[in-house]
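> Before we start, here is the structure in question, set down as structure tokens.
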Amino acid sequence: MNRLTVPVAVLAGALVLAGCGSGSGSDSGGGLSVTGAYMPQPMSADMAAGFLTIVNDSGTKDELTSVTSDEAGSVTVHETVGGAMEEVARLPVPADGQLVFKSGGNHLMFEKLKRKPEQGQTVSVELHFAKSDPVVVTMPVKSATYTPKTGH
Ligand code: CU
């Protein structure tokens, strides 16, 4: 498991390509990139959750300040605290670190959807940050029970 034979210099350069998900829409916005974005196909027609990982390659911390989507009337950021979810205004993206949204933890909440997302479609979202430029992410819609197979 721990046999890392890739030289460190190569590893650093390949960081963006080596993302754990399918790497869809990994648009870079000044040191920030996004991997593993997906939306489980929602049960209801007007509400859905979304997950992704924001990777900060820079030595400067940032903050996710808002999320927008043309396909939803509102997108809010939730964190899960002690099993209950709470809306938060902003979440930190640590320097040389990650902000992870995953099932059972932080998630994006889409409300007032204009159409019900179906598996195989995509939903476009725009992430806004305190310092970095906005990053547009194309989230693939997966099955309702999809869980990402990542190495984390
Ligand atoms: Cu929520």
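> Which one is modelled with the highest pLDDT, of the residues in the range 80-103 that are touching a Phe, Trp or Tyr at 6+ places or on another chain (Cβ under 9 Å) and within 12 Å of the ligand (Cβ to nearest atom)?
F101
> Next question, about the same structure. Here is a check on your reading of the model: is A130 buried (at least 20 other Cβ atoms within 10 Å of the Cβ) and either closer than 12 Å to I54 by Cα or in contact with a strand residue (DSSP E or B) (Cβ under 9 Å, 6 or more places away or on another chain) (or both)?
no
The values are calculated or read from the model by the stated rules, or taken from the named source; none is laboratory data. Keep in mind the model is a prediction, meaning the values are calculated, not measured. As a convention, Cβ positions derive from the backbone with ideal geometry for all residues, glycine included, and neighbour counts pool all protein chains shown.
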